[in-house]
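The structure appears right after this line, and notes come after that.
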Amino acid sequence: MKIAVIGTGYVGLVTGVSLSEIGHHVVCIDINKDKVAKMQKGISPIYEPGLSELMTKNINAQRLNFTSDHREGLQQAEVIYIAVGTPENKDGSAELSFVIQAAENIVDCIEQDVIVVTKSTVPVGTNEMIKGIIDAHLSSDLKVDVVSNPEFLKEGSAIHDSFHGDRIVIGADSEHAFNVIEKINQPFNVPIFKTDIKSAEMIKYASNAFLATKISFINEISNICELLGANIENVSTGMGLDQRIGSQFLKAGIGYGGSCFPKDTKALIQIAGNVAYEFELLKGVVNVNKKQQGIIIRKLNDCIPDISGKKIAVLGLAFKPNTDDLRESASILVTEELIKQGAEVVAYDPIAMDNAKSTLNPLVQYADSIAEAIENSDAALILTDWDEIKNVELTVFNKMKTPLVIDGRNCFLVKDMETHGIEYRSIGRPVAAKQIEVTPI
Ligand SMILES: NC(=O)c1ccc[n+]([C@@H]2O[C@H](COP(=O)([O-])OP(=O)(O)OC[C@H]3O[C@@H](n4cnc5c(N)ncnc54)[C@H](O)[C@@H]3O)[C@@H](O)[C@H]2O)c1
Ligand SMILES: O=c1ccn([C@@H]2O[C@H](COP(=O)(O)OP(=O)(O)O[C@H]3O[C@H](CO)[C@@H](O)[C@H](O)[C@H]3O)[C@@H](O)[C@H]2O)c(=O)[nH]1
């Protein structure tokens, strides 16, 4: 099958590479010429385990191409995937201008009947709008079907998720479209769920909102655990053993970040609001997350009320491990607040430092290792649970001026930190070493 993919962010690139890996001929189109030039050489613009290898393999097999010329990419395509961004508007709603632009690109360039597949996360009714734009402008008697095929990959395990996902959702309103898209996806060997277009669009938002709800729920429980002396790790494990609850997404921490949960929860509140429905539960989830992102600073200030002139090490900057993505990462808020309070901030991340340098406050300094970042520091804050951080020799903290570790990801055992004489604050667990009163949030 000849396939074109519009947009090569995480989703477009992983979609293009995965579809080529199962034998389709794929052209990926992006308006960003620098990015296209890199990808043509097999260089991935994002850090994602396994992606570069598959890219190179399929480019060499001549099944995968990149272009910034929409006509060249779209002309021959039998199926066109839209995978452009749908970022957040100021009011929290989804910004659809990139999707509209992609629909216009399709109208301008296609020369045969096509199926347009929307991978981008879009509000209910958007595929209908895309069909409207295309039908209104299509001059000839070409036939265009529109399909909703939301993406569920997670950053850091995107390739694995494509080949081992829990489901592929296909929302369509014609047998022809169902058949073609089902056939394209069959080699992935992932269960396929076929439904109507609006339900498919809603499945994506509802899934992300539900997972975000689990995280905010467990974060609230962790705060209550701290006040009552229970241990959140034991509570999560005990809850997760109930198969109706499940153990995933019950890890308490510093709130969810990333390119999806923050924007998609707010967009769903707007989507409901547009039909005069107040999504009270989800508003709570968003507010709890905002509160939780500040917990690290509150814990730090409980230990050191005045951090002005103090050296504070920040370990982990990406919004989660195995990605170089800083979108909506707690590191943005935390470093900003540290600098506002007059601290000297030295940061380290195994992979995300290049992106950090163009995202974080320019006053943030960068170290080449954990040891260098914490050397002579007054406190170390852990924001991302990278393996490199979780597996560090605890003796490294002896390099600090005062060994105080505030861990937003529960990377270490409290008793191990105690044994090493490290004052340790984590999430929803008893404190180690000196007993300092922690202000409840
Ligand atoms: N990032 C994820 O992990 C993830 C997972 C599932 C779903 N999603 C959803 O998928 C969509 C894409 O997300 P992303 O993170 O990959 O986006 P992104 O913003 O990182 O990338 C979008 C790309 O599209 C390009 N683009 C924009 N308009 C274009 C046009 N008219 N023609 C060609 N290229 C164009 C941009 O240059 C950019 O490279 C969003 O709706 C997002 O919510 C993202
Ligand atoms: O138990 C948990 C699980 C996750 N997180 C945080 O939640 C955020 C999101 O994590 P994750 O879901 O693993 O990463 P994403 O790559 O953002 O993936 C989510 O968003 C994508 C975009 O829509 C969807 O496709 C995925 O299915 C969905 O998991 C990160 O900040 C994590 O640290 C927690 O705090 N506790």
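Of all residues in region 158-191 being outside any helix (DSSP H, G or I) and open to solvent by 50 Å² or more (accessible area, probe 1.4 Å), which is nearest to residue 320 (Cα to Cα)?
Initial filter on region 158-191 (outside any helix (DSSP H, G or I)): 165-174, 189-191.
After this cut, where a residue has to be open to solvent by 50 Å² or more (accessible area, probe 1.4 Å) as well, the list is 166-167, 173, 189, 191.
On the way: 166: 21, 167: 23, 173: 37, 189: 28, 191: 27 Å.
Checked region 158-191; the qualifying residue nearest to residue 320 (Cα to Cα) is 166.
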- Item | Selection from region 274-330 of residues that are small (Gly, Ala, Ser) and more than 16 Å from ligand 1 (Cβ to nearest atom) | 276, 284, 294, 308, 309, 313, 316, 330
- Restricting region 135-157 to residues that are assigned to a loop (DSSP other than H, G, I, E, B) and in contact with a helix residue (DSSP H, G or I) (Cβ under 8 Å, 6 or more places away or on another chain), the residue that is surrounded by the fewest Cβ atoms within 10 Å (Cβ to Cβ): 138
- Message: Would you confirm, using the coordinates I've provided, whether residue 145 is in the same structural domain as residue 10 (by TED's automatic domain parsing) and either within 10 Å of ligand 1 (Cβ to nearest atom) or over 19 Å from residue 199 (Cβ atoms) (or both)?
- Response: no
- Query: List, please: which pairs have Cβ atoms under 8 Å, are six or more places apart or on different chains, and start with a residue in region 367-384 that is within 13 Å of residue 331 (Cα to Cα) and end with one that is of a type in the set (D, E, K, R) and assigned to a loop (DSSP other than H, G, I, E, B)?
  - Reply: 382/409; 383/409; 384/320; 384/349; 384/409
- Message: For the condition of a type in the set (A, V, I, L, M), in the same structural domain as residue 186 (by TED's automatic domain parsing) and either within 16 Å of ligand 2 (Cβ to nearest atom) or assigned to a helix (DSSP H, G or I) (or both), what is the one hit in 59, 43, 80, 31?
- Response: 59
- Message: So the check is Cβ under 9 Å with 6+ separation or different chains; which pairs have a first residue in region 49-61 that's on the phi > 0 side of the Ramachandran plot and a second one that's assigned to a helix (DSSP H, G or I)?
- Response: 50/158; 50/159; 50/160
- Query: What are the residues in region 1-28 that are more than 21 Å from the chain's Cα centre (by Cα), under 17 Å from residue 74 (Cα atoms) and assigned to a helix (DSSP H, G or I), if any?
  - Reply: 19, 20
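Considering only region 359-373, state which residues are open to solvent by less than 50 Å² (accessible area, probe 1.4 Å) and among the aliphatic types (A, V, I, L, M).
Matches in region 359-373: 360, 364, 367, 370, 371, 373.
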- Item | Filter result (open to solvent by 50 Å² or more (accessible area, probe 1.4 Å) and basic (Lys, Arg)) within region 374-418 | 390, 399, 401, 415
- Query: Which of the residues that make up region 247-270 are part of a loop (DSSP other than H, G, I, E, B), touching a Lys or Arg at 6+ places or on another chain (Cβ under 8 Å) and within 16 Å of ligand 1 (Cβ to nearest atom)?
  - Reply: 249, 257, 258, 259
- Restricting attention to region 114-131, which residues are part of a loop (DSSP other than H, G, I, E, B) and either within 16 Å of ligand 2 (Cβ to nearest atom) or buried (at least 17 other Cβ atoms within 10 Å of the Cβ) (or both)? 119, 120, 121, 122, 123, 124
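In region 17-41, which residues are open to solvent by less than 10 Å² (accessible area, probe 1.4 Å) and closer than 22 Å to residue 355 by Cβ?
Within region 17-41, 17, 28, 36, 39 meet the criteria.
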- Among the residues of region 101-113, is any within 13 Å of ligand 1 (Cβ to nearest atom), touching a residue at least 40 places away in the same chain (Cβ under 8 Å), of a type outside the set (Asp, Glu) and open to solvent by 40 Å² or more (accessible area, probe 1.4 Å)? no
- Return a yes/no flag: does region 269-288 have any residue that is among the hydroxyl-bearing types (Ser, Thr, Tyr) and within 12 Å of ligand 2 (Cβ to nearest atom). no
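The values are calculated or read from the model by the stated rules, or taken from the named source; none is laboratory data. Remember, predicted model here, so these are calculated numbers, not experimental data. Neighbour counts are summed over all protein chains in view; Cβ atoms, including those assigned to glycine, are modelled from backbone coordinates with ideal geometry. Each accessible area value is taken on the protein alone, full model and side chains, heavy atoms only, with ligands, DNA and RNA left out. Shrake-Rupley method; radii C 1.70, N 1.55, O 1.52, S 1.80 Å.
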